[in-house]
Amino acid sequence: MIRTTALSKVYRSRERQVTALDDVDLHVREGEIFGVLGRSGAGKSTLIRCVNLLERPTSGTVEVGGRDLTAMSAGRLRAERRGIGMIFQHFNLLSSRDVAGNVAVPLEIAGVSRQARARRVAELLDLVGLSEHAKAYPAQLSGGQKQRVGIARALAAEPRVLLSDEATSALDPETTRSILALLRDLRDRLGLTILLITHEMDVVKGICDSAALMEGGRIVESGTVSELLSRPRSRLAREMFPLGTPGVLEGRTVIDITFRGEETARPFISTLARTYNVDVNVLGAAVESVGGKQIGRMRISLDGAFENNVVPIGYLREQGLQVDLVEEAAAAAAESDTDAAEAGVALVGKEI
Ligand code: ADP
Ligand code: MG
């Protein structure tokens, strides 16, 4: 539904030049919720603004629904943009208009008749659970309610794509959860494709089917969340499961076990200890709900070197569990990126 190819954006001023996007290839499938995660200044907002061409890329192409927006005339682009809704961190509501009046703005711009407008606004307010508040003004609403108005307004023209730039960043955790649940519900009911930008891992964990990690204007990792979790060296996966425990222990083999769904309940650790008479030490574990599915990761150590533990590790793999030797992954990460291990621990729950 969304595809960027070799997308670059360079901001030039007299004093300096900033490469905000550097050769970004992004691919968002129809109907998926795709999260872009990164620290402040990584280029996330620039990316999302290039997707609807609020920002003109320096080079590269942007296709939405198979049509190349970068090749369109201004008039054609305006029409095409109606199919792309957008929501913002600070809601961008008109304080002088009530809720219904705010939601009606895009319909007025599109020249929809007063009667049809009233009907559509009522539908939209129902969709976001704000029917009772049609006559309220933004100043009378909570943050979560304001964002619901923003969502209703973004959906007014029946877009197929919704872009969200930090839409929950100004909200408390509970309100964040309710807005994320609403977005997922809207995706399911309307078949929307949602590209959302966030600096919070919890948002990605909460609703994303796929995710990308951005750094310095580049996408350094991307894939479906379940695919990322299967990559032993994935930084996103490590950030999702911050086990925060040593990766190397003298005289022991440290492994990470990744498991999903029904496996979470299976007592494989006790079976392992009993059947192979090995001394198992649990170093850390986390079970998370990722995209509505339970996924867990556990770090354990076994007595002796890897060679001595081939049989128990084989047993775990036979159970369908993903087993990764931590030492190798950590060493490889350290080689490719010295900050990676630290980042994996530091990123969680913080502005990154
Ligand atoms: P994020 O949303 O991830 O915090 P941005 O896309 O806002 O990052 O910014 C990426 C980089 O581009 C930053 O270094 C920022 O200072 C720079 N930048 C963003 N917008 C502009 C602009 N209009 N003019 C100059 N530099 C900009
Ligand atoms: Mg931003």
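The values are calculated or read from the model by the stated rules, or taken from the named source; none is laboratory data. All values derive from a computational prediction rather than experimental measurement. When we count neighbours, we look across all protein chains shown, and the Cβ atoms used for this are built from the backbone with ideal geometry, even at glycine. To get the accessible areas, we keep the full protein, side chains included, count just its heavy atoms, and leave off ligands, DNA and RNA. Shrake-Rupley method; radii C 1.70, N 1.55, O 1.52, S 1.80 Å.
Which of the residues that make up segment 176-199 are over 12 Å from the mean Cα position of the chain (by Cα), surrounded by 18 or more Cβ atoms within 10 Å (Cβ to Cβ) and of a type in the set (S, T, N, Q)?
Selection gives 176, 193.
Taking segment 55-73, which residues are out of contact with any Leu (no Cβ under 8 Å at 6 or more places or on another chain), part of a strand (DSSP E or B) and touching a residue at least 40 places away in the same chain (Cβ under 8 Å)?
Matches in segment 55-73: 64 only.
Would you be able to tell me the number of residues in segment 1-54 that are in contact (Cβ under 8 Å) with a residue 12 or more places away in the chain, within 12 Å of ligand 2 (Cβ to nearest atom) and assigned to a loop (DSSP other than H, G, I, E, B)?
So the count comes out to 4.
For segment 215-297, which fully contained strands (runs of 3 or more DSSP E) count at least 1 residues that are at pLDDT 85 or above and under 18 Å from residue 35 (Cβ atoms)?
Qualifying strands (runs of 3 or more DSSP E): 218-224.
Starting from residues that are more than 9 Å from ligand 1 (Cβ to nearest atom) and either open to solvent by 80 Å² or more (accessible area, probe 1.4 Å) or in contact with a helix residue (DSSP H, G or I) (Cβ under 8 Å, 6 or more places away or on another chain) (or both), keep the ones in segment 33-44 and report whichever is farthest from residue 57 (Cα to Cα).
33
Each row is one residue, and each column tells you yes or no for (1) within 16 Å of ligand 1 (Cβ to nearest atom); (2) under 24 Å from the mean Cα position of the chain (by Cα); (3) not assigned by TED's automatic domain parsing to the domain that holds residue 35.
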position: 85; (1), (2), (3): no, yes, no
position: 103; (1), (2), (3): no, no, no
position: 108; (1), (2), (3): no, no, no
position: 114; (1), (2), (3): no, no, no
position: 117; (1), (2), (3): no, no, no
position: 122; (1), (2), (3): no, no, no
position: 128; (1), (2), (3): no, yes, no
position: 166; (1), (2), (3): yes, yes, no
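Here are the criteria: (1) under 24 Å from residue 227 (Cβ atoms); (2) crowded, with 19+ Cβ neighbours inside 10 Å. Tell me which single one residue 23 does not satisfy.
Of (1) under 24 Å from residue 227 (Cβ atoms); (2) crowded, with 19+ Cβ neighbours inside 10 Å, only one is false for residue 23: (2).
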